[in-house]
Amino acid sequence: MVTVEFASSLRRHVECAPQRVQAGNLRLVLEAALLAAPELAPYVFDDQRCVRKHVAVFVNQDLVRDRIRLDQTLRTDDHVLVIQALTGG
């Protein structure tokens, strides 16, 4: 199973415990994890189901740069972290 965790900056909007979901491509993994908290999906995805620009997704601490296809294949021991990418002045 793949572990998917949503950072506290996103969980402050909608609580969602870390999820363990079937391995597959990144899109399927994210969609499966969001079934536990569907209200969180609009914070992660835009209306085209691409990862929002202010959200960063990491797989095993490596930043995912493709926000559109999300076709990276994940293995059962992978860890996905979804964070709100904040900037400040």
Phi-derived 3J(HN,Hα) across segment 5-19 with the Karplus relation (6.51, -1.76, 1.60, θ = phi - 60°), rounded Hz, x for Gly and Pro, is 10, 9, 5, 4, 5, 8, 5, 5, 7, 8, 5, 8, 5, x, 10
Where the convex hull is taken over the Cα atoms of the chain, what is its projected area averaged over directions, in nm²?
5.6
Positive end of the charge dipole of segment 2-84 (Lys, Arg +1 and Asp, Glu -1 on Cβ, about the Cα centre): tell me which of 7, 51, 17 has its Cα farthest that way.
51
What number, in percent, do you get for the relative contact order of the chain if the mean sequence gap of Cα pairs under 8 Å and at least 6 apart is divided by its residue count?
40
Residues of segment 42-60 with amide nitrogen under 19 Å from the 7 Å Cα-to-Cβ point of residue 13?
42-58
What is the dipole size for the chain, taken about its Cα centre, with +1 at each Lys and Arg Cβ and -1 at each Asp and Glu Cβ, in debye to the nearest 20?
160
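Taken together, the values in this text are just the output of simple stated rules run on the coordinates, not laboratory data. Keep in mind that this is a model prediction, so the values were computed, not measured. Neighbour counts run over all protein chains shown; Cβ positions are idealised from the backbone, glycine included.
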